[in-house]
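Notes to accompany the following structure.
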Amino acid sequence: MKIQRSVRVLVVLVIAVIFAAVASAALANSKPKGAGARQQSQNAYLQSLGGQGSATHTADDGDLAGSMGQYDAERFAPGTSLSGPALLDARLQANALPTSGGAWTEDTTKAYNANPSNYTDPFWSNVGSGFSLVAGRVTTLDAIAAGGTPIWLAGTADGGIWRSIDEGTNWTPVFDSMPTLSIGSLENAPDGSVWVGTGEANTSQDSYAGTGVYRSTDSGLTWSPVDNADGSDPLAGHTIFRLAFDGTYTFAATDDGLWRYDGSNWTEILDPAAANDPTPWYDNQVTDVVVNPTNPNIVLTVVGWRGPLTPDSANGFYESTDGGKTFNPITPGGDINAGDIGRTTFAWSSDGSMLYAVIESPSMLAAGDISNLQGVFVTSGSGGASANPAGSWTEIANAQTLSADGSADAYGPNSVGAQAWYNQTLAVDPTNAKHVYLGLEEDFESSDGGQTWDTASPYWNYPFACDQNDTCPNVTHPDQHALMVSDGKVVIGNDGGVYSRPVSDTGTGDWSDLNTTMHNLQYYYAGAGDLPAGGIGIWGGLQDNGTALLDPNQSQQVEPAGGDGFDVLVNPANANDMVGEYTDLTMYSSTDGGHTFNSYVSPGCVAQATVGVKPRKDCDPSARFVAPFTADQTNINDWVAGGRYIWTSSLGWKTKCGAKGCSWGRVFDTGANNAVTAISDANGAIYATWVGGGGNPGPTFGAGIVTNVRGWHQVSMTGLPDRYPAGIVVDKTNRLHAIVVFNGYSRRWIPGAGTGHVFETFDGGSTWTDISGNLPDVPCDAVVLVGSRIAVATDSGVFIAPDGSGTGTQWSNLGTGLPNASVNDIRIGPDGTSLYAATHGRGVWSIT
């Protein structure tokens, strides 16, 4: 049923009220349903504002140009893309620096339980979800025949490649020292080598660019770059959807066209963006390339930017019938809408008789439809002959049919494929052309070529009757990205790691959790404090895996609060006292180590709606998807948070904000369309950074710094780069002394970006000195003052320098053994000398 826009707004307003009531009721319900309630409440509120309900279970589910595409925006601002091998160059600069300090220690080595039995907060826990042990996002899978048990490889989002010789029981990282740990594609070559395309290509906000293609000839133990004969690499700085081989060439489907390697050089063979195209990085999104398994002369590829499409968009199917020498657009017949092809994934049957495709719809995405799945399609040859990519395609599934086949999708009825631009994968059983697996938010399976489907692993168990008496089988984790069939097992990779079950299984469940030893958690922030029972508790916010607690007195790391996790505030004297964050500054606090939470903490409008409170008239309208808050360095109960406004509370864990009143007070307005990115507070001296202007990134990008030192005001930005300010710290011994760090790259890589990454003031922000010195040209994410030294977290590790050195500051790599994942946050431990680094793909590490 179609609803006119004016009526639709009224409908979603009513739904918002209903969902708010559901969320409130969940707090008192003896059978908790918090995860579903909070998500539905937030989705409905966002819809009521006139936009698509876009709050999801996944932190990265946002348009690159939208409110949630901020991870990329930080690194590109003020531009819209990154040119050249910037990350590789930064790594080379880092390698040339000296190293000071000892070795880093990996803290997060325990298995991570997403549904711990004794953490049952009725609103924030995952109790009843069916989740079990989880890891970070897995983007691609590969199996290597080894004469016995195959060797499995799992590529991850900024966590590198993990290798298992026992089908997932034990995993070992084998890519930690490479220039990037962002993985897009793993494929076996005809000569027995394994190739990896770096740069995750899921078009999510933290799908990080790569440094090209690498090859292993020892079953994934070591890797060498696949460069041009002159040593250059045109694929560096891009993301790779798929690698494919035809026996002569290697093909790479990337965010910058289709490339072919002839053994010596990479050549771009499909560059469909129009001349002078203002957005070639959209119009050259080649999302897949496959070779006919029985006729290598037929190579099929697709341009599939997720949308919205423009008049010069080149989306569609392209075919080569001469072994990849030339490609021509083809128009698929039958049920496919050839004018509405977005991100697409293909899968051939091993005998070449059937070709499957799952297609996202740019028009549905642009219209704000609850699903953006055009459908799943198949074309097959008559009498078992090879399928014809340009032939007649038959639709075998869509959002409605899949929703009716056991789905538990969190977005509502007929919402399967709500993230088909982000969650999309296909695989065919090599022994049965009609046995096909489909990954969207959930996993689906068909044994009859798509005539019927089962939901092999639902989103979660909340909608099912069996959940009422806890008899449902465990689910895996939502948001699917990888599929393979190996040694009689189907293996999946998603935002929660790796799972498998026998190919002979049908229906729901019976999945083996393979995440006990895969330590690739994607932290945004982390903090630490002493525990009353002894030891140090580490809290952190994770991509799609909630807010985590690592307690040395427990056998497993646990997830007391589910959904997405971002900033954390931890009492250094008692880690049972903490504050965590869901999306859009939705804060929650606990004083019992996460067993129960106070949900009514946040001054943000979306946040209040999320927990079932009608947003207050004085709420903050524009907190970022990942919003900052902190405590005064000298008074743990003085809190400060930032959206458009800067807010303070002096009540610590007694802070509340709801219908009957709010402890938070506005102290400064950064301006319309602006939002705070980082805050520091010491002895009441507050410094905060913001971005805005409606173009983040873009030509209207703006940034600033404000402080209350000498009264609230915007400080001078003279001499500071026009980039994203990602971190700031005020000296607790001198309120006029502060240090700010900037994300992104210099003007060498991004025009107009300026130079320098670390700047220092000794006069409250009236003047700034560039103390970047010999620091690599790399995005800086956070900064701390440790005694007389400065430590900076970056996308290429952690660096340290003596404070007060001025323009000639000499930086060193801090410590040894830290993987090359981006370090999103760094905090001082409760002893005042230890540092905790939160990596976005390799967990939390510490050093003294």
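The values are calculated or read from the model by the stated rules, or taken from the named source; none is laboratory data. What you see is a predicted model, and the numbers here were worked out from it, not measured in a lab. So basically every Cβ, Gly included, is an ideal-geometry build from the backbone, and we count neighbours across all protein chains shown. What goes into the accessible areas is simple: the full protein's heavy atoms, side chains included, and nothing from ligands, DNA or RNA. Shrake-Rupley method; radii C 1.70, N 1.55, O 1.52, S 1.80 Å.
Key figures for this structure:
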{"read-out": "Relative contact order of the chain, defined on C-alpha pairs under 8 angstrom at six or more residues apart (%)", "value": "13 percent"}
{"read-out": "Sequence-distant residues sharing a close amide H with Thr425 (under 5 Å, placed H)", "value": "Gly439"}
{"read-out": "Furthest towards positive pole of dipole, Asn820, Phe464, Trp768, structure part the chain, Cβ charges", "value": "Trp768"}
{"read-out": "Cβ-placed point charges (K, R +1; D, E -1), dipole of the chain about Cα centre in debye, nearest 20", "value": "2260 debye"}
{"read-out": "Difference of contour (0.36 nm per residue) and Cα-Cα distance, Ala672 to Asp510", "value": "53.2 nm"}
{"read-out": "Once the Cα gyration tensor of the stretch 72-150 is diagonalised, semi-axes √(5λ) in Å", "value": "35, 24, 20"}
{"read-out": "Nitroxide proxy distance, nm - points 7 Å out along Cα→Cβ at Asp592 and Gln810", "value": "5.5 nm"}
{"read-out": "Reciprocal of mean inverse Cα separation for the stretch 601-745 (Kirkwood radius, Å)", "value": "15.6 Å"}
{"read-out": "Cα convex hull of the chain - mean projected area over all directions, nm²", "value": "31.9 nm²"}
{"read-out": "Sites Ala146 and Ser177 - FRET efficiency at Förster radius 25 Å, r taken between beta-carbons, to 0.05", "value": "0.55"}
{"read-out": "Cut-off under 5 Å, modelled amide H: who pairs with Ser185 long-range", "value": "Gly197"}
{"read-out": "Carbon + sulfur, % of accessible area of the chain - ligands and nucleic acids excluded, 1.4 Å", "value": "51 percent"}
{"read-out": "Cα-based Rg of the stretch 505-638 normalised by 2.2 N^0.38 Å, two decimals", "value": "1.16"}
{"read-out": "Semi-axis lengths, Å, the stretch 261-400, gyration tensor of Cα atoms, sqrt of 5 times eigenvalues", "value": "24, 22, 11"}
{"read-out": "Reachable aspartates and glutamates, given that their alpha-carbon falls under 20 Å from the alpha-carbon of Lys434 and they are not under 8 places away in the same chain", "value": "Asp335, Asp351, Glu395, Asp405, Glu442, Asp443, Glu445, Asp448, Asp454, Asp487, Asp505"}
{"read-out": "Asn170 versus Trp712: modelled label distance in nm, points set 7 Å from Cα along the beta carbon direction", "value": "5.8 nm"}
{"read-out": "Accessible area per residue, Å², the chain with all protein chains present, probe 1.4 Å", "value": "32 Å²"}
{"read-out": "Global geometry of the stretch 197-242, whether rounded, prolate or oblate, following the gyration tensor of its Cα atoms and the 1.5 cut on a/c", "value": "oblate"}
{"read-out": "Inter-label distance for Thr222 and Ser264, nm, one decimal - labels placed 7 Å from Cα along Cα-to-Cβ", "value": "2.7 nm"}
{"read-out": "Amide H contacts of Asn574 (H built 1.01 Å from N, under 5 Å, at least 5 apart or other chain)", "value": "Asp530"}
{"read-out": "Residue-by-residue Karplus 3J(HN,Hα) for the stretch 791-802, coefficients 6.51, -1.76, 1.60, Hz, glycine and proline x", "value": "10, 10, 8, 9, 6, 10, x, 10, 10, 9, 8, x"}
{"read-out": "Spread of Cα-to-Cα distances over 5 Å intervals beginning at zero, given as percent, for the stretch 416-494", "value": "3, 16, 23, 23, 18, 11, 5, 1"}
{"read-out": "FRET efficiency estimate (nearest 0.05) - Cβ-Cβ, Leu651 to Ala229, R0 56 angstrom", "value": "0.30"}
{"read-out": "Rh (Kirkwood; distinct C-alpha pairs) - the stretch 369-426, Å", "value": "12.7 Å"}
{"read-out": "Two-site FRET efficiency, Ser117 against Arg789, from Cβ-Cβ distance with R₀ of 45 Å, rounded to 0.05", "value": "0.55"}
{"read-out": "Proximal aspartates and glutamates to Lys654, defined as alpha-carbon separation beneath 15 angstrom and excluding residues fewer than eight positions away on the same chain", "value": "Asp577, Asp592, Asp638"}
{"read-out": "Cysteines not pairable in the chain (beta carbon separation under 4.7 Å absent)", "value": "Cys780"}
{"read-out": "Extension gain (nm, one decimal) between Ala533 and Asp487, 0.36 nm per residue minus Cα-Cα", "value": "11.9 nm"}
{"read-out": "Entries in Lys617/Lys660; Lys617/Lys732; Lys617/Lys656 that, when Cα-Cα distance is taken, lie over 23 Å", "value": "Lys617/Lys732"}
{"read-out": "Alpha carbon convex hull of the stretch 215-335, projected area averaged over orientations, nm²", "value": "9.3 nm²"}
{"read-out": "Convex hull volume per residue in cubic angstrom - Cα atoms of the stretch 746-848", "value": "109 Å³"}
{"read-out": "Extension reserve of the Asn297-Thr248 stretch, reckoned as 0.36 nm per residue once the Cα distance is removed", "value": "16.6 nm"}
{"read-out": "The stretch 355-452, relative contact order [Cα under 8 Å, separation at least 6], %", "value": "22 percent"}
{"read-out": "Whole-number percent relative contact order across the stretch 108-149, with pairs defined as alpha carbons under 8 Å at least 6 apart", "value": "36 percent"}
{"read-out": "Whole-number D in µm² s⁻¹ for the stretch 455-495, Kirkwood Cα-pair radius fed into Stokes-Einstein, 25 °C, 0.890 mPa s", "value": "211 µm²/s"}
